[in-house]
Amino acid sequence: TGNHWGYGKEDGPTAWHKNYPVAEGDRQSPIDIIPNQTSHDSSLGPIVLNYDHCTSINIANNGHSVVVEFEDSDDRSVIRGGPLDNPYRLKQFHFHWGGKGCHGSEHTVAGNSYASELHLVHWNAVKYKTFGEAATAPDGLAVLGIFLETGDEHRWLHMITDALYTVKFKGSVTDFKGFNPKCLLPSSLQYWTYLGSLTTPPLHESVIWIVVKDPIVVSEKQLGKFRTLVFTGEEEDQRTRMENNFRPPQLLKGRKVRSSN
Ligand SMILES: NS(=O)(=O)c1c2ccccc2cc2ccccc12
Ligand SMILES: [Zn+2]
């Protein structure tokens, strides 16, 4: 019905262009990043994150992913530097993941996928009054992408995975205060950056992507807890496991991918 979209055969990424023609636009995300075809740009400074006074509000299942929202009424948690001309305010973060044992990242590196990908979504509150306005502007959003690979248990991810049972169904929201996503970042913030889009409908071409090169490591058990979520609402009789909620790589269409040193 209407602009309903998902990750299934009928309503998935290959069908999105019917309701969202920008799906075939010139700056769509994700992409396959080929490291030896990126251009190293020494003018690209380090990414600076000021999350020390960030205020997480809640954790929610929006029927597409699990999302942690932040208080963004002031500049208490911002990302700056790198390719950004302004500080961008942290709004939310969410994840994309695969099915058991298969891959689930959105960006790929020389054709290789990771098990999952974390997106920290920020908006340009210097130039735009609201997140909604920024979301449709070419320099409105900055999303920091972090790859997750499986291995040892991640010492802090349990704070997220322990809360997932409270947001099993689409539309569920629970309090989630005092979480600082800085604990989910790898030690090195070397990155690739390019101009792209939201990877979910409405696919607005408003994102400056900053994809961190080094993955964080999480255990298969921790990743498995994301797959206990379902795409469907509690009132629906269908229980469709939430997994493979990733869009495949899109055409580069002549875009340059720059690399920090
Ligand atoms: N995958 S995504 O980061 O493009 C994305 C958003 C990006 C920018 C603004 C809002 C977004 C909301 C999302 C909600 C669920 C999944 C991806 C989302
Ligand atoms: Zn995302």
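The values are calculated or read from the model by the stated rules, or taken from the named source; none is laboratory data. Note that this is a predicted model, so its numbers are computed, not measured. Heads up, the Cβs are rebuilt from the backbone with ideal geometry, glycines too, and the neighbour counts pull from every protein chain shown. Just so you know, the surface numbers come from the protein's heavy atoms only, side chains and all, with ligands and any DNA or RNA stripped out. Shrake-Rupley method; radii C 1.70, N 1.55, O 1.52, S 1.80 Å.
For region 231-244, which positions are out of contact with any helix residue (DSSP H, G or I) (no Cβ under 9 Å at 6 or more places or on another chain) and in a loop (DSSP other than H, G, I, E, B)?
Answer for region 231-244, where residues must be out of contact with any helix residue (DSSP H, G or I) (no Cβ under 9 Å at 6 or more places or on another chain) and in a loop (DSSP other than H, G, I, E, B): 231, 232, 233, 234, 235, 236, 237, 238, 239, 240, 244.
Check residue 26 against each of (1) open to solvent by 50 Å² or more (accessible area, probe 1.4 Å); (2) assigned to a loop (DSSP other than H, G, I, E, B); (3) without any contact (Cβ under 8 Å) to a residue 60 or more places away in the chain and name the one condition it does not meet.
Condition not satisfied by residue 26: (3).
For region 1-20, enumerate the residues that are of a type in the set (A, V, I, L, M, F, W, C) and within 16 Å of residue 63 (Cβ to Cβ).
5, 16
Of everything in region 185-219, what is more than 20 Å from residue 256 (Cβ to Cβ), more than 15 Å from ligand 2 (Cβ to nearest atom) and either open to solvent by less than 10 Å² (accessible area, probe 1.4 Å) or in contact with a helix residue (DSSP H, G or I) (Cβ under 7 Å, 6 or more places away or on another chain) (or both)? Give them in sequence order.
Residues satisfying the conditions are 216, 218.
When you look at residue 56, is it in contact with a Phe, Trp or Tyr (Cβ under 9 Å, 6 or more places away or on another chain), among the hydroxyl-bearing types (Ser, Thr, Tyr) and modelled with pLDDT of 95 or more, yes or no?
For residue 56, the condition - in contact with a Phe, Trp or Tyr (Cβ under 9 Å, 6 or more places away or on another chain), among the hydroxyl-bearing types (Ser, Thr, Tyr) and modelled with pLDDT of 95 or more - is met.
If a residue must be over 26 Å from residue 63 (Cβ atoms) and either in contact with an Asp or Glu (Cβ under 6 Å, 6 or more places away or on another chain) or among the acidic types (Asp, Glu) (or both), how many such residues does region 220-261 contain?
2
Looking at region 94-101, is at least one residue modelled with pLDDT of 95 or more and open to solvent by 40 Å² or more (accessible area, probe 1.4 Å)?
No, region 94-101 has no match at all.
Here is a list: 133, 153. Which entry is surrounded by fewer than 19 Cβ atoms within 10 Å (Cβ to Cβ) and within 14 Å of residue 88 (Cβ to Cβ)?
133
Limited to region 174-184, what total is found for residues that are closer than 17 Å to residue 147 by Cα and either within 12 Å of ligand 2 (Cβ to nearest atom) or open to solvent by 30 Å² or more (accessible area, probe 1.4 Å) (or both)?
Matching residues across region 174-184 total 2.
Can you find, within region 136-150, the residue that is farthest from ligand 2 (Cβ to nearest atom) among those that are surrounded by fewer than 21 Cβ atoms within 10 Å (Cβ to Cβ) and farther than 19 Å from residue 22 by Cβ?
Selected residue: 150.
Among the residues of region 49-72 satisfying the criterion of being more than 16 Å from ligand 1 (Cβ to nearest atom) and among the acidic types (Asp, Glu), which is surrounded by the most Cβ atoms within 10 Å (Cβ to Cβ)?
71
So, in region 116-130, how many residues would count as being closer than 27 Å to residue 99 by Cα and either within 9 Å of ligand 1 (Cβ to nearest atom) or surrounded by fewer than 22 Cβ atoms within 10 Å (Cβ to Cβ) (or both)?
Counting residues in region 116-130 that are closer than 27 Å to residue 99 by Cα and either within 9 Å of ligand 1 (Cβ to nearest atom) or surrounded by fewer than 22 Cβ atoms within 10 Å (Cβ to Cβ) (or both) gives 4.
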